[in-house]
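Colleague: Mind having a look at this structure? Questions to follow.
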Amino acid sequence: STQRHGEPLRKPSQQPVTDSIFNVVMTSMQATLQASIQGAGITEEAGYDLVENIVKDWSRKHVHFTRFLEKTLRELKYMTTFSIPTAQKPIPQATAHVYFTLSEIHKATPHISYRFENDCLQFSDPMSLGPYKYEVWLDRIINDKLLVRNLLDLTTDFEKVRLSRDGIVAGQPDTVPVVAEETTQSDENADNESSTSITEQDVEGLKQRLHEIFDAADKDGSGSLDLAELSAILESSALGLSDWDVKLILTSADQNDDGLINWQEFVPLAAEVLHTMFAVRKPKETPLTYEPVAEEDIQILFGGETDVVLKAAQEAFDAADITGTGKLKRYQFRSALTTSHAHLTPREINLLIGFLEVDEEGFISFDDFAPLMSRFRIEAVKNAITQAVSGELGQYLFNLFKRFDPEQKGLLHLHEVRDILFNAELLVLSQLQILCLVASAELNEDGLVDYEKFAVEAAESVGEMFNPNMLHERAALVDRQTKSGLDVVPNFDKEEVEYELRQTFQEYDTNNDGFFDFEEFKKCLDGSSMKLSPTEIQMLMAAADVDEDGRVSYDEFVQFGTILLYELKKREILHSASGIAAEDSKSQ
């Protein structure tokens with residue numbers, strides 16, 4: 001190279017190093033600039049065109065529009081709304097939204113993903129659903145909203161004035177078919193129509209919608225989903241379900257040993273629970289209001305029951321843990337709880353086992369069961385309070401009992417009533433609470449229960465048991481007694497009662513085999529020197545589990561029977577005390 005006049009001499013070896021660094025810096029700046037230029041190229045308008053190009057062929061019957069939502073450093077977000085307006089209904093009653101995200105917008109071709117409204121499934125391939133599947137998903141979302149709208153009577157005041165009963169402008173026939181097929185009736189015919197056909201139609205609609213939701217989530221086509229997957233799908237659906245609603249529905253799920261559920265078998269059960277749930281929760285002309293019950297009060301009143309269950313469950317767990325590892329498979333713990341006296345109903349077991357976390361090897365720990373059980377019981381009491389004040393509980397119980405009376409005689413055995421309540425979809429009471437309910441059931445001369453009469457009485461008992469205005473008073477009483485070192489039930493020595501029960505059974509066990517048939521069991525209780533009341537005897541009879549030979553093992557029953565007698569007396573005292581407090585409040 002030629003050296004300029006006055007320029008200092010440079011060593012030949014310096015030039016290539018300096019040039020190399022300079023070239024690297026320039027290349028980096030050019031790449032950054034090019035990326036910036038490309039990023040600027042994916043404008044809001046360009047992103048809009050990309051989204052529109054994707055959705056334009058999704059449906060032949062829905063109309064849509066796309067709206068820009070927001071832009072971040074690396075993403076553009078859009079929402080496309082689908083509906084089926086008609087000349088008679090230009091403003092649709094329900095719409096479906098799809099949310100698009102364009103990421104990596106600095107690249108020439110951004111990554112596009114989308115999800116349907118309230119859905120947990122994220123799609124990344126614009127054509128991942130296949131031809132005409134998009135219409136099915138859009139219809140499902142719109143139909144879900146229409147279904148909830150109809151079942152919960154969400155018609156606005158404007159619509160009541162401007163729309164007729166079937167949702168069409170008065171005097172204007174709807175010539176374009178809507179998504180949800182509905183049978184149009186006059187108000188007079190609709191009022192006179194029995195609820196049976198409507199119920200069947202609603203349930204079938206729910207089955208179809210649930211089938212579509214679960215089918216789409218079953219990516220590998222195995223026909224099975226786990227409880228967590230079902231829970232996430234139901235929570236993200238457009239059915240407006242709370243966390244507790246989802247849990248109620250999932251108590252119907254039948255899990256295999258691996259914790260998986262055949263969702264096709266689950267669909268009809270879930271649809272029945274959903275329909276019952278919506279029917280019971282129809283809005284009332286005058287909604288009932290009450291002060292929320294503090295969780296501390298719930299714990300004070302019902303924590304003792306939970307402690308009893310946890311102790312029995314721990315014993316069942318330890319007995320099943322023959323290797324002493326402190327871990328069990330889900331099916332092992334389920335079997336242990338089912339076959340032992342853990343004082344849990346089948347629905348409680350189903351739900352609790354399903355939501356237990358498993359480790360990498362598929363094992364569960366009892367340490368995870370205790371907090372789950374405590375939380376579940378608090379939520380169950382809150383649900384019972386809701387049902388108690390609903391005003392619909394009596395009718396719900398009657399319909400429930402009637403379902404298990406195929407000959408429609410109006411009569412059920414005491415144990416049938418007990419088992420039906422153990423498996424009630426919406427009223428998830430504890431075993432102790434249910435046995436206290438059936439203890440007051442009136443039996444006819446054949447020992448059967450008139451369930452129409454009992455449904456009314458049981459609803460009143462639940463209303464008294466979970467009266468939100470009285471629960472705080474009862475909790476305050478228990479708290480005062482506990483802090484004073486006193487028991488709510490005075491002069492009840494559990495060890496002495498357990499001893500007397502065992503002595504009574506042994507006295508009547510003439511062949512010393514430790515078993516009674518059901519008639520012998522009743523005779524033993526009737527003739528006991530403990531002077532048990534008719535209510536106490538009936539509760540103990542209802543609690544007795546008979547084996548395949550129709551026999552009762554009294555050795556296993558003694559401890560549980562003692563707990564039952566204590567809980568019954570405790571409830572009688574608390575209800576009496578709160579009743580006196582209520583009368584005093586009125587007199588003041």
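The values are calculated or read from the model by the stated rules, or taken from the named source; none is laboratory data. The model shown is predicted, which means the values in this text are computed figures rather than measured ones. Every residue, glycine as well, gets a Cβ built from its backbone with ideal geometry; the counts of neighbours run over all protein chains shown. To get the accessible areas, we keep the full protein, side chains included, count just its heavy atoms, and leave off ligands, DNA and RNA. Shrake-Rupley method; radii C 1.70, N 1.55, O 1.52, S 1.80 Å.
Colleague: Looking at (1) outside any strand (DSSP E or B); (2) open to solvent by 60 Å² or more (accessible area, probe 1.4 Å); (3) within 28 Å of Ala217 (Cα to Cα); (4) at pLDDT 70 or above, which is the only condition Arg140 fails?
Modeller: That leaves (2) as the condition not met.
Colleague: Would you kindly identify the helices (runs of 4 or more DSSP H) lying entirely within the stretch 432-511 that contain at least 2 residues that are farther than 29 Å from Ile298 by Cβ and open to solvent by 80 Å² or more (accessible area, probe 1.4 Å)?
Modeller: Details: elements: 451-465, 468-483, 494-508.
Correct list: 451-465, 494-508.
Colleague: Shifting gears a bit: It is to be established whether one or more residues within the stretch 308-324 are outside any helix (DSSP H, G or I), in contact with a helix residue (DSSP H, G or I) (Cβ under 6 Å, 6 or more places away or on another chain) and open to solvent by 40 Å² or more (accessible area, probe 1.4 Å). Walk me through how you get there before you give the answer.
Modeller: Narrowing the stretch 308-324 to residues outside any helix (DSSP H, G or I): 321-324.
Next, from what is left, pick out any that are in contact with a helix residue (DSSP H, G or I) (Cβ under 6 Å, 6 or more places away or on another chain): none.
Within the stretch 308-324, none of the residues are outside any helix (DSSP H, G or I), in contact with a helix residue (DSSP H, G or I) (Cβ under 6 Å, 6 or more places away or on another chain) and open to solvent by 40 Å² or more (accessible area, probe 1.4 Å).
Colleague: Out of (1) within 29 Å of Asn444 (Cβ to Cβ); (2) open to solvent by 10 Å² or more (accessible area, probe 1.4 Å), the odd one out for Val417 is which?
Modeller: So the condition that Val417 fails would be (2).
Colleague: In the stretch 203-228, how many are open to solvent by 60 Å² or more (accessible area, probe 1.4 Å), among the small types (Gly, Ala, Ser) and assigned to a helix (DSSP H, G or I)?
Modeller: Matching residues across the stretch 203-228 total 1.
Each row is one residue, and each column tells you yes or no for (1) within 16 Å of Ser113 (Cα to Cα); (2) among the aliphatic types (A, V, I, L, M); (3) assigned to a strand (DSSP E or B); (4) modelled with pLDDT under 50.
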| site | (1), (2), (3), (4) |
| --- | --- |
| Gln3 | no, no, no, yes |
| Asp19 | no, no, no, no |
| Ala35 | no, yes, no, yes |
| Leu76 | yes, yes, yes, no |
| Met79 | yes, yes, yes, no |
| Lys89 | no, no, no, no |
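Colleague: In addition: Where residues in the stretch 239-297 are open to solvent by 10 Å² or more (accessible area, probe 1.4 Å) and in contact with a Phe, Trp or Tyr (Cβ under 6 Å, 6 or more places away or on another chain), which of them is modelled with the highest pLDDT?
Modeller: Applying the filter and picking the extreme gives Asp257.
Colleague: Of the conditions (1) over 24 Å from the mean Cα position of the chain (by Cα); (2) modelled with pLDDT of 90 or more, Glu445 fails just one. Which one is it?
Modeller: So Glu445 meets the others, but not (2).
Table: residues versus (1) open to solvent by 10 Å² or more (accessible area, probe 1.4 Å); (2) modelled with pLDDT of 85 or more; (3) part of a loop (DSSP other than H, G, I, E, B).
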{"residue": "Leu344", "(1), (2), (3)": "yes, yes, yes"}
{"residue": "Leu356", "(1), (2), (3)": "no, no, yes"}
{"residue": "Glu379", "(1), (2), (3)": "yes, yes, no"}
{"residue": "Gly391", "(1), (2), (3)": "yes, no, yes"}
{"residue": "Gln395", "(1), (2), (3)": "yes, yes, no"}
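Colleague: What's the total number of residues in the stretch 530-574 that are small (Gly, Ala, Ser), modelled with pLDDT under 85, surrounded by 15 or more Cβ atoms within 10 Å (Cβ to Cβ) and in contact with a helix residue (DSSP H, G or I) (Cβ under 7 Å, 6 or more places away or on another chain)?
Modeller: Going through the stretch 530-574, the residues small (Gly, Ala, Ser) turn out to be 533, 542-544, 550, 553, 561.
Now drop any that are not modelled with pLDDT under 85, which leaves 544, 550, 553.
Subsequent filtering for residues that are surrounded by 15 or more Cβ atoms within 10 Å (Cβ to Cβ) retains 544, 553.
In the following step, the residues that additionally are in contact with a helix residue (DSSP H, G or I) (Cβ under 7 Å, 6 or more places away or on another chain) were identified as 544.
Matching residues across the stretch 530-574 total 1.
Colleague: Working only within the stretch 512-528, note down all residues that are part of a loop (DSSP other than H, G, I, E, B) and open to solvent by 80 Å² or more (accessible area, probe 1.4 Å). Outline the logic, then answer.
Modeller: Start the filter on the stretch 512-528 by keeping residues that are part of a loop (DSSP other than H, G, I, E, B), which leaves 512-514, 527-528.
The answer is Asn512, and nothing else.
Colleague: Tell me whether the stretch 554-570 contains one or more residues that are of a type in the set (Lys, Arg), under 21 Å from Phe302 (Cβ atoms) and outside any loop (DSSP other than H, G, I, E, B).
Modeller: Residues of the stretch 554-570 that are of a type in the set (Lys, Arg), as a first pass: 569-570.
Those still in the list that are under 21 Å from Phe302 (Cβ atoms) too: 569-570.
With the extra rule that they be outside any loop (DSSP other than H, G, I, E, B), the set shrinks to 569-570.
Yes, because at least one residue in the stretch 554-570 is of a type in the set (Lys, Arg), under 21 Å from Phe302 (Cβ atoms) and outside any loop (DSSP other than H, G, I, E, B).
Colleague: Looking at (1) outside any helix (DSSP H, G or I); (2) open to solvent by 30 Å² or more (accessible area, probe 1.4 Å); (3) touching a Ser or Thr at 6+ places or on another chain (Cβ under 7 Å), which one does Ser374 not meet, given that it meets all the others?
Modeller: (1)
Colleague: I would also like to ask the following. Please go through (1) over 22 Å from Gly304 (Cβ atoms); (2) modelled with pLDDT under 85 for Ala581 and return the number of the only condition it doesn't satisfy.
Modeller: (1)
Colleague: Can you pull out the residues in the stretch 313-353 that are within 23 Å of Gln559 (Cβ to Cβ) and polar (S, T, N, Q)?
Modeller: If the condition is that a residue be within 23 Å of Gln559 (Cβ to Cβ) and polar (S, T, N, Q), then Gln314, Ser335, Thr338, Thr339, Ser340, Thr345 are the ones that fit.
Colleague: Here is a follow-up. Step by step: first the residues of the stretch 325-341, then only those that are of a type outside the set (Val, Ile, Thr) and farther than 17 Å from Ser365 by Cα, then the one that is most open to solvent (accessible area, probe 1.4 Å). Which residue is that? Working first, answer last.
Modeller: Filtering the stretch 325-341 down to residues of a type outside the set (Val, Ile, Thr) leaves 326-337, 340-341.
Within this subset, residues satisfying the condition of being farther than 17 Å from Ser365 by Cα are 340-341.
Working: Ser340: 42, His341: 71 Å².
This residue is His341.
Colleague: I'd like to verify a number: residues in the stretch 397-413 that are open to solvent by 50 Å² or more (accessible area, probe 1.4 Å), aromatic (Phe, Trp, Tyr) and in contact (Cβ under 8 Å) with a residue 24 or more places away in the chain, how many? Reasoning before the result, please.
Modeller: Applying the first criterion (open to solvent by 50 Å² or more (accessible area, probe 1.4 Å)) to the stretch 397-413 yields 399, 402-404, 406-409, 411, 413.
Cutting the leftovers down to aromatic (Phe, Trp, Tyr) gives us 404.
Retained after the next criterion (residues that are in contact (Cβ under 8 Å) with a residue 24 or more places away in the chain): none.
Qualifying residue count for the region: 0.
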